[in-house]
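Read the structure below first, then the notes.
The values are calculated or read from the model by the stated rules, or taken from the named source; none is laboratory data. All values derive from a computational prediction rather than experimental measurement. No Cβ is skipped: glycine too gets one built from the backbone with ideal geometry, and neighbour counts run over all protein chains shown. Please note that ligands, DNA and RNA were not included when accessible areas were found on the heavy atoms of the full protein model with its side chains. Shrake-Rupley method; radii C 1.70, N 1.55, O 1.52, S 1.80 Å.
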Amino acid sequence: MHNLSQKKVLNYKALALFSGGLDSILAVLFIRAQGIQVEGVYFESPFFPRNQAVKSAEQINLPLKIVDITHDILALVRHPRFGYGQGLNPCLDCHLLMCNKACEIMHQEGYNFIISGEVLGQRPLSQTKQAMLKINKECLCSDYIVRPLSGKLLPPTIPEQKGIVQREMLLDIRGRSRKKQMQLATQLGLKTYPSPAGGCLLTDQTIAARLRDLLAHQKNILPRDLELLKLGRHFRLNPATKAIVGRNREENKKIEALGLYEDALLETIDYPSPLVLIPFGGDLDGQKWAAMLTASYSDAPLDKSVSIKMKWKGEEKILFTSVCSKEKLHKYLIQKLEK
Ligand code: SF4
């Protein structure tokens, strides 16, 4: 049984790499129990938004800074040094980036050390001993990163050597099972905590396929282009034209709200239909295909000519098209990532 009753408050301050998951919550609680003040940092991008981290930080009264790393993570997705996981997730590079960003904050803002909720051997790519050593080798302040959940299995860090952190109070958790962490949560009275699934959208095969297509066809990527990856069905109609088809009313609204002046928006005039968005308008041939796509996903019957209203750059235009079978259109659908 762990006794985490707080010791006398010391004049030390730690920065927690805080994901909001159970491991990072426990890491904070175990360091805090040593009398060390802890604040958290969450590195955010559209692929891993802040929601869970904010919620968990509130639950344990952890002051949390949010730092946007969208630009850096896109650069790593384009050219990962250490490869991808199951999707387009460059986990080793991403860990290294977060470590180095945390090091900068530690130095600039006077933290004594950094804590991370990583558990040895928990994730195949980024948390093997070999991977941790690789990250440690390149991280600007690796000797200052304490991993409370596996600390006893790892070489002593500088905060331990200096007596800031009591090594005997660290844990020796290893492997993928979360049994020990769940027992600890119960002992510490944590009633709710997030399940480990979900999280980073770069691991999602469909989002990864859409992102790969976007990177291949568009040079300057805007934050809203990344938000659009999460909505609708995506069709690559030709190198200049992608069409995003809303799947329901709620998605139609979100897609419309993310639209820009340069985008083309299409819908049928006489039948209920999805909203179809062509980012930056595409080309004329692509617009004709997008009109057919709009008709084909509407309630229009197979044998009728269908009128499509297209709004583009402040003007409205009517396109005439027909319904095509979804099987024929299927080859344009951006589906799961194939490696
Ligand atoms: S899962 Fe996503 S957020 Fe986590 S390390 Fe990998 S790329 Fe980064």
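Values computed for the structure shown
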| read-out | value |
| --- | --- |
| Accessible-area order (highest first, 1.4 angstrom probe) of the listed residues 322, 116 | 322, 116 |
| Pairwise label distance in nanometres, residue 50 with residue 330, each label 7 Å out on the Cα-Cβ vector | 4.3 |
| Three-way shape call for segment 13-198 based on the alpha-carbon gyration tensor, with the a/c threshold at 1.5 | rounded |
| Given charges at beta-carbon only (K, R positive; D, E negative), |dipole| of the chain in Debye | 1040 |
| Degrees separating the helix 129-138 axis from the principal Cα axis of the chain, which is the longest one | 90 |
| Measure of compaction for segment 133-204 (Cα Rg per 2.2 N^0.38 Å) | 1.35 |
| MRE, 222 nm, helices only [DSSP H, n ≥ 4, -39500 (n - 2.57), over the chain, to nearest 500] | -10000 deg cm²/dmol |
| Per-selection Kirkwood Rh - segment 248-318 (Cα, Å, 1 d.p.) | 12.2 |
| FRET efficiency, 1/(1 + (r/R0)^6) with R0 35 Å, evaluated for residue 71 and residue 271 via beta carbons | 0.25 |
| Exposure of residue 254 as accessible area (Å², to 10), given a probe of 1.4 Å and all protein chains | 100 |
| Per-pair calculated FRET efficiency, R0 = 56 Å: residue 161 and residue 250 via Cβ, rounded to 0.05 | 0.55 |
| Residues of type aspartates and glutamates that residue 254 reaches as a straight line, Cα spacing below 13 Å, ignoring anything fewer than 8 places off in the same chain | 225, 227 |
| Using distinct alpha-carbon pairs, which all enter the 1/r mean, Kirkwood radius of the chain in Å | 22.5 |
| Inter-probe distance in nm under a simple model that places probes 7 Å from Cα toward Cβ, at residue 13 and residue 303 | 7.6 |
| Amide N of segment 289-312 lying under 11 Å from the label point, which is placed 7 angstrom from the Cα of residue 322 along Cα→Cβ | 302-306 |
| Backbone N within segment 324-339 under 18 Å of label point (7 Å from residue 215 Cα along the Cβ vector) | 334-339 |
| Across 242/328; 13/162; 253/311; 253/304; 65/253; 101/180, pairs whose alpha-carbon gap is larger than 22 Å | 253/304; 65/253; 101/180 |
| Ratio Rg/Rh [Cα only; Rh per Kirkwood] for segment 204-332 | 0.94 |
